[in-house]
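Below: one structure, written as structure tokens.
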Amino acid sequence: MNKKIAAAVSSAALVLGSTAANAGIVIPAGEWTLDVNGNVNVYATFMNFDDPSTTTVTGGLAGAEDGTGESSNQSINTGLLPAWLGFTGTTRQNDLDVSFTISMQPSVSGNVTTGDQSTTLWRQAFLTFGDKSWGSVKMGKDLGIFGGQAILNDMTLLGVGAAYGNSGTATTLGGIGTGYIYPAWKGQVAYTTPNFNGFTATIAVTNPNQVSGNGATSSTGDAGLTNYQDRFGLEGQLQYAFDSGKVWVSGASYKVSDNSVEYDAEAIDVGANINFGNIGLTAYYYSGDGAGTTTFGFLGANSSGVTRESDGGYLQATYVIPSGTKLGVAYGVSSLDSLSSDTTTLLDENKRWTVGAYHPLTKHLNLVAEYNSVESSAQGTNERESNALSLGAILFF
């Protein structure tokens, strides 16, 4: 049951085996073909937190008890994917394949009495043009290149993963920060080569406002550093796809500046996704300097511009049983090296175990059950652990 999830995630199709659905409602419109596509996903999540809120791990993703000592919580939210409505138009003009994609992502719950305070996300607005003889150009806002394959091959894309929280949040984190850095949604001008017997290459200049010293505190010495505006970001990828899977390597480079402080934030990754019979295996690893953790640049340097090294990755195995249900297990970790000036509460490691079941009730509708355990440890002795059971469904069209 190999089906495709199309523009519900990004403009590139993503194959997720038996849990996926055919993409889109295709409408002929004169010289154009319009594809209306997307998903609605909803999960009831039951959370448990092991540690008090006073246990500080700066940059940690595991939750903690609230200020009253309450150790459990429940929410109804979307998972790693937001609910999605996308429009893609394609045509062939003057020997060029031309397309546009625009999408929006509303929430499925709220945490106020009226339930309508959440802001709709707008993650895609781009055009493409090209030909199979020389490649294609993409211009506009879409998923970033570095880390993109990591999230597209993460089984929690159909579920919840890490950073489950209160009702009304836009999305969870899946494996972001516990195995890979978020690729984010970036303004970009990207060129992708033709397919050379499975080999493709992509190079892009990206909007420079992608690196941030989020969570600046005097205890960690992190400044709210912003990107150096007269230098675009650079991202690229090499990929080889074959009948049973694909392997890839990608990288990113940004320059960060704040007054007299300036440094480079760089990262590289490598990954593979292999499928044979009913078995799917994914392995991924990344390493960065100044790239930080969770989001690109977060905790990547101190206020003096001295960079921290970071790395991480995840291993994932899935198996489709005769009923069509995909069973999966994944382990991911993201680590951050400290500097001599850092306090002991700075993050050392976020790690996650996920066990999931994804059942195709129909060609388009999947039932999902996931258990996630997230642990965060600081450079000192502080540790947090939280666990969650999520039950829900995801419908693609």
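Throughout, read-outs are computed from the coordinates displayed, never taken from laboratory work. Not measured: the values here are computed from a predicted model. All Cβ positions, even for glycine, are placed from backbone atoms using ideal geometry, and neighbour counts span all protein chains on display.
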With a 28 Å threshold on alpha-carbon distance, the violating pairs from Lys326/Lys351; Lys141/Lys255; Lys132/Lys363; Lys141/Lys326; Lys132/Lys326; Lys186/Lys246 are Lys132/Lys363; Lys141/Lys326; Lys132/Lys326
Sparse-neighbourhood loop hits (chymotrypsin sites (Phe, Trp or Tyr not before Pro), the stretch 93-186; DSSP loop; Cβ within 10 Å at most 16 others) -> Trp134
Measuring from its Cα centre, the chain shows a charge dipole (+1 at each Lys and Arg Cβ, -1 at each Asp and Glu Cβ) which, in debye to the nearest 20, is 1360
For Met47, Met155, what's the fewest-to-most ordering of other Cβ within 10 Å of each Cβ? Met47, Met155
Where in the chain is the longest stretch that carries no trypsin sites (Lys or Arg not before Pro) classed as loop by DSSP and with at most 14 other Cβ atoms within 10 Å? 133-362
Rounded to the nearest Å, what's the spacing between the alpha carbon centres of the stretch 243-286 and the stretch 51-90? Just the number, please. 24
Electrostatic dipole magnitude of the stretch 286-397 [Cβ: Lys, Arg +1; Asp, Glu -1; Cα centre; debye, to 20]: 640
What dipole magnitude, in Debye to the nearest 20, does the stretch 32-107 give about its Cα centre under +1 on Lys/Arg Cβ and -1 on Asp/Glu Cβ? 340
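Mind giving me the FRET efficiency for Trp134 and Thr362? R0 is 30 Å, r the Cβ-Cβ distance, nearest 0.05 is fine. Don't jump to the answer; show the numbers that get you there.
Numbers: r = 40 Å, r/R0 = 1.35.
Calculated transfer efficiency: 0.15.
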Taking 7 Å along the Cα-to-C-beta vector as the label spot, tell me the Ala369-Thr54 distance in nanometres, rounded to one decimal. 3.9
Of the candidates Tyr319, Gly356, Leu80, the farthest towards the positive dipole end of the chain (Lys/Arg Cβ +1, Asp/Glu Cβ -1, centred on the Cα centre) is Tyr319
Full extension from Phe46 to Ala29: what is 0.36 nm times the residue separation minus their Cα-Cα distance, to one decimal in nm? 1.6 nm
Measuring from label point to label point, each 7 Å out along Cα→Cβ, what is the Glu309 to Tyr331 span in nm? 2.3
Which whole-number percent gives the relative contact order of the chain, counting Cα pairs below 8 Å spaced six or more residues apart? 18
Taking just the alpha carbons, could you work out the radius of gyration and Dmax for the chain, both in angstroms? 20.8, 66
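How much length is gained on full extension from Thr344 to Asn111, taking 0.36 nm per residue of separation minus their Cα-Cα distance? Walk me through the intermediate numbers first.
Details: separation 233, 0.36 × 233 = 83.88 nm, distance 3.42 nm.
Stretched fully, the Thr344-Asn111 segment lengthens by 80.5 nm.
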